[in-house]
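The values are calculated or read from the model by the stated rules, or taken from the named source; none is laboratory data. Source: prediction; values computed, not measured. Here the Cβ is made from the backbone with ideal geometry for all residues, glycine too, and neighbour counts use every protein chain on show.
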There are 2 protein chains.
Amino acid sequence: MITSKDNPHLKDLKKLQQKRFRLRTGKFAAEGEDLVAAALSAGRQPETIFCAPDAPPEFAGHERALIVDYDLLAGACALGSGARVVGVFAHLAQAPVGGGALTLFAPGVSDPGNVGTIIRSAAAFTDSPVCFANESADPYSPKALRAAMGTTFTHPPQSDSQLADLRGTIVALDASGSNDIGQLELAAPIVLAIGSERDGLGSELIEAADVVARIPMRSGGPESLNVAMAATIALYELSKGINQETTK
Amino acid sequence: MITSKDNPHLKDLKKLQQKRFRLRTGKFAAEGEDLVAAALSAGRQPETIFCAPDAPPEFAGHERALIVDYDLLAGACALGSGARVVGVFAHLAQAPVGGGALTLFAPGVSDPGNVGTIIRSAAAFTDSPVCFANESADPYSPKALRAAMGTTFTHPPQSDSQLADLRGTIVALDASGSNDIGQLELAAPIVLAIGSERDGLGSELIEAADVVARIPMRSGGPESLNVAMAATIALYELSKGINQETTK
């Protein structure tokens, strides 16, 4: 059992809270049993699984498990509230760019919770990857991983995308759009472009778009929706024409 | 200028981070210029506006402004990153229960960010109040207020609602639903019931519903959406039959 805070494995785990260290090492930490279980069941091979002494046997018995004093493990976690299980994984291979029936391009989303929620919603409506850019929050930060609820492992996002690499009819989502997102009848492939929390879509993206669409809202309400909400509604609407719902 | 951390106004401000103190005093704190501006422009009368020495004159010049040392103010805030302006307000009068064309009933949402996001989305699609219950996260917590982006002031939520008080066709949102939420054709008034993050809708709510509807998702994706995303899509769909979009 690891009982020293100077243990090098533990020190590296703590450093994985920093984006720079994640980028340099190509690794990230998934905190909590649910997330680690989702990674394992998606076939991801952990580099290390840190386990508190009372961690469930399916984690503590893993060949790459390291048992750690409870307080030391909590101290190396970003999200607090004492995860009993933390897995370290290599960055996931990015899905190939350009394919897919409905691709979300979200270059400017800066809140990690929004990034994670968008990954989760996109996975519900399309099997194409979500494309972020270098300005976006890191999808492998603890908060983004938690908000994505394991879908990061089944639908690895692109993190350095450019619109020019994506193939399809480009639909830009903007309050200025003259088209109601629910009235579009577009065939795949579609690229849905959404803006940042504070500034929306830049004029470049709007000009590059084939269609600028808006989500109709009642008058007298707020000027805008949360960016993850807007992306979710747009993905939901655009997927209607593409997906065939399968009964379970 | 307040320069002592023992100042009673400042001590009360800090205590407003606690739900119990908010309930006992009937007050809450709105942190940040954007939120305080939204409250003022919605006609809310502040009890106090705490301002850092460099706060903009529209706040620092208010008759109820108190100027506070920058670090002391930051120390009394919940959200960190040093708001220059914090307003203390009395709890808003709750909107009357039971009226409204499309009412959201969300008794079990426990994450304050989700509560705030739901208030914001609901304001975009309906002028009826959002109805929470005592088990929900407090809509007046700092995180919920921030996520609602000022819509809490224009659309004060109900915080101790019961389904029996609400009038309308009850649509329960659940993955087990046999109706596609986008295919319903319902006339107002409608009550949309959504469940909690972890447990979904209880069997009681499902039994009380006139219609149980699901959001169609592709097979192979995640089992569920974030509760705020699901509520947003459902409000968006149900509002289509009710709202008349007004061109700006």
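Taking the range B:60-69 as the range and being free of Cβ contacts under 8 Å to residues at least 40 places away in the same chain and part of a loop (DSSP other than H, G, I, E, B) as the test, the residues that pass are B:61, B:62, B:63, B:64. For the range B:189-226, what are the residues that are free of Cβ contacts under 8 Å to residues at least 24 places away in the same chain and of a type in the set (Asp, Glu)? Passing the criteria: B:204, B:207. Please verify whether the range B:152-169 includes one or more residues that are β-branched (Val, Ile, Thr), touching a Ser or Thr at 6+ places or on another chain (Cβ under 6 Å), modelled with pLDDT of 95 or more and in the same structural domain as residue B:198 (by TED's automatic domain parsing). Checking the range B:152-169: not a single residue is β-branched (Val, Ile, Thr), touching a Ser or Thr at 6+ places or on another chain (Cβ under 6 Å), modelled with pLDDT of 95 or more and in the same structural domain as residue B:198 (by TED's automatic domain parsing).
Out of B:213, B:208, B:175, one residue alone is over 29 Å from residue A:102 (Cα atoms) and not basic (Lys, Arg). It is B:208.
Only one of the numbered conditions (1) crowded, with 17+ Cβ neighbours inside 10 Å; (2) modelled with pLDDT of 90 or more is violated by residue A:240, and that is (1). Looking across the range B:116-150, the residues that are free of Cβ contacts under 8 Å to residues at least 40 places away in the same chain and among the β-branched types (Val, Ile, Thr) come down to B:119, B:130. Being farther than 28 Å from residue B:227 by Cα, surrounded by 20 or more Cβ atoms within 10 Å (Cβ to Cβ) and among the hydrophobic types (A, V, I, L, M, F, W, C) holds for only one residue in A:173, A:166, A:145, and it is A:166. Kindly establish whether residue B:42 is within 23 Å of residue B:124 (Cβ to Cβ) and hydrophobic (A, V, I, L, M, F, W, C). Considered against the rule, which asks whether it is within 23 Å of residue B:124 (Cβ to Cβ) and hydrophobic (A, V, I, L, M, F, W, C), residue B:42 comes out as yes. Yes or no: the range B:114-122 includes at least one residue that is among the basic types (Lys, Arg), more than 23 Å from residue B:1 (Cβ to Cβ) and modelled with pLDDT of 95 or more. Within the range B:114-122, one or more residues are among the basic types (Lys, Arg), more than 23 Å from residue B:1 (Cβ to Cβ) and modelled with pLDDT of 95 or more.
Kindly establish whether residue A:229 is free of Cβ contacts under 8 Å to residues at least 12 places away in the same chain and either surrounded by fewer than 19 Cβ atoms within 10 Å (Cβ to Cβ) or of a type in the set (A, V, I, L, M, F, W, C) (or both).
So residue A:229 fits the description; yes.
Please list, ordered by residue number, the strands (runs of 3 or more DSSP E) wholly in the range B:152-248 having 2 or more residues that are among the polar types (S, T, N, Q), within 12 Å of chain A (Cβ to nearest Cβ) and in contact with a strand residue (DSSP E or B) (Cβ under 9 Å, 6 or more places away or on another chain).
Fully inside the range B:152-248 and qualifying: nothing.
With the condition kept exactly as written, say whether any residue in the range A:186-193 is crowded, with 17+ Cβ neighbours inside 10 Å, at pLDDT below 90 and assigned by TED's automatic domain parsing to the domain that holds residue A:132. For the range A:186-193, residues crowded, with 17+ Cβ neighbours inside 10 Å, at pLDDT below 90 and assigned by TED's automatic domain parsing to the domain that holds residue A:132: absent.
Scanning the range A:152-202 for residues that are more than 23 Å from the chain's Cα centre (by Cα) and under 30 Å from residue A:29 (Cα atoms) yields a count of 0.
The residues listed here are A:142, A:129, A:112; of these, the one that is over 9 Å from the mean Cα position of the chain (by Cα), within 14 Å of another protein chain (Cβ to nearest Cβ) and under 22 Å from residue A:35 (Cβ atoms) is A:129.
Among the residues of the range B:209-223, those identified as at pLDDT below 95 and of a type in the set (Gly, Ala, Ser) are B:219, B:220, B:221.
Residues are listed down the side, and each one gets a yes or a no for (1) part of a loop (DSSP other than H, G, I, E, B); (2) within 28 Å of residue B:229 (Cβ to Cβ); (3) among the hydroxyl-bearing types (Ser, Thr, Tyr); (4) touching a helix residue (DSSP H, G or I) at 6+ places or on another chain (Cβ under 8 Å):
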position	(1), (2), (3), (4)
B:30	no, yes, no, yes
B:50	no, no, no, yes
B:54	yes, no, no, yes
B:58	no, no, no, yes
B:71	no, no, no, no
B:78	yes, yes, no, yes
B:87	no, no, no, yes
B:92	yes, yes, no, yes
B:103	no, yes, yes, no
